[in-house]
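Below are the structure tokens for one structure; questions will follow.
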Amino acid sequence: MDRPPPSVLSASLQRRAKGLRLSVGFILARRFTLCAFANFVDVLRLAADEGDRSRHILCDWKILSRNSAAIPSSSGIAIQPDEQLGDPTRFDYIVVVGGLVDEIDGFDSEYVAYLRKAAALGVPLVGVCTGAFLLHSAGVLAGYKCCVSWFHHRDFLDQFDGLDPVSDQIFIVDRDRLTCSGGASSAHLAAYLVDKHVGRAQASKSLHIMIIDEALTGEKAQPGAMLDYRTDDPIVLRALLITQQNIETPLSVADIAQRMGKSKRQLERRFKTALGVSPQAAFMDIRLSLARHMLESSAKSITMIAVECGFCDSSHMSRMFRRRFGCSPLESRHALANGRAVASAACD
């Protein structure tokens, strides 16, 4: 990251003189994601003291709010803030923990003003889970790369024009903006900060106590939904996730390779070595697996499923589906319905 401005650097040096190496202020969105917050703050807690005594020695953290009211999480558990908004330079980082996508518009104007002030003063900002949505809505993410969960990739595109969020990495550090996909990746982003400011030993200690084997770098691919392929090759896994995130408008192998900074031939060799199949075959399998899942779990028409899975029409999907599964999409749906009926009768 770039060198901080003098005001931020002076505040940071004062904290270091007291033995405090990392100070974090949290802003929790209404109905924030408790897991993402807990993973992040527990890495700080475990790194802050010897053993498991939880004293704020090497690390400090405060939950900030515009008032003293408890902040409800999406699970219903509420967190009491430590103090009201003040001078953001008191902290090395301001971390915004997002919550439900449908409630992003409810982010209070006082928080928006605070984040803009922090940005103007050069305080690094962190978006956790849908925190990237909130940073962008506050106008402090323009010109930066950001990371969002694959689960919210389409939501981000629908809400914010002109940005291309990254959904195939667990976190991204772009100068003084840091964003992560939430969940377990929150622990890894926190460990990155502990490693940077406190020490690698403290970062490793925190993760090990949390039964996380090792710290992962931001380039580690996010785990996606319905990937039948299992591989440790990060290039192959990222290519599979990019395909999954662009199901409706499939990208060619050449396009995906270019997006990843690889040649088409390099990507084909990686797939052959890791999975024993070509990228084209794997990408088609992902689309067909999604189509079968939608046939089994929704009442959508076969035509609609074909469109949402990136096929030019239902006939094309039906041909590929029969070649892959040995039956037509309609036959697959009927077989599932008959199987449920038999199971129901057996339980009577």
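Find the residue count for the range 186-215, including only residues that are within 22 Å of residue 135 (Cβ to Cβ) and either free of Cβ contacts under 8 Å to residues at least 60 places away in the same chain or not assigned by TED's automatic domain parsing to the domain that holds residue 50 (or both).
Residues flagged as within 22 Å of residue 135 (Cβ to Cβ) and either free of Cβ contacts under 8 Å to residues at least 60 places away in the same chain or not assigned by TED's automatic domain parsing to the domain that holds residue 50 (or both) within the range 186-215 amount to 3.
Say whether the condition of being touching a Lys or Arg at 6+ places or on another chain (Cβ under 8 Å), in a loop (DSSP other than H, G, I, E, B) and among the polar types (S, T, N, Q) is met by at least one residue in the range 54-61.
Within the range 54-61, one or more residues are touching a Lys or Arg at 6+ places or on another chain (Cβ under 8 Å), in a loop (DSSP other than H, G, I, E, B) and among the polar types (S, T, N, Q).
Scan the range 314-330 and tell me whether some residue there is crowded, with 16+ Cβ neighbours inside 10 Å, within 27 Å of the chain's Cα centre (by Cα) and touching a residue at least 12 places away in the same chain (Cβ under 8 Å).
no
Touching a Ser or Thr at 6+ places or on another chain (Cβ under 9 Å) and either in a loop (DSSP other than H, G, I, E, B) or of a type in the set (A, V, I, L, M, F, W, C) (or both), is that true of residue 68?
No, not satisfied.
Taking only the range 113-135 into account, find how many residues are at pLDDT 90 or above, buried (at least 21 other Cβ atoms within 10 Å of the Cβ) and out of contact with any Leu (no Cβ under 8 Å at 6 or more places or on another chain).
1
Restricting to the range 281-301, what's the tally of residues that are modelled with pLDDT of 90 or more and surrounded by fewer than 18 Cβ atoms within 10 Å (Cβ to Cβ)?
The total comes to 2.
Filter the range 49-93 down to the residues that are over 15 Å from residue 25 (Cβ atoms), of a type outside the set (Ser, Thr, Tyr) and buried (at least 19 other Cβ atoms within 10 Å of the Cβ) and list them by number.
Across the range 49-93, the qualifying residue is only 58.
Right, here's the next one. Inspect all residues belonging to the range 94-112 and state whether any of them is without any contact (Cβ under 8 Å) to a residue 60 or more places away in the chain, charged (D, E, K, R) and under 20 Å from residue 190 (Cβ atoms).
No, the range 94-112 has no match at all.
The values are calculated or read from the model by the stated rules, or taken from the named source; none is laboratory data. Please read all numbers here as calculations on a predicted model, not as lab measurements. Note that each Cβ is placed from the backbone with ideal geometry, even for glycine, and that neighbours are counted across all protein chains shown.
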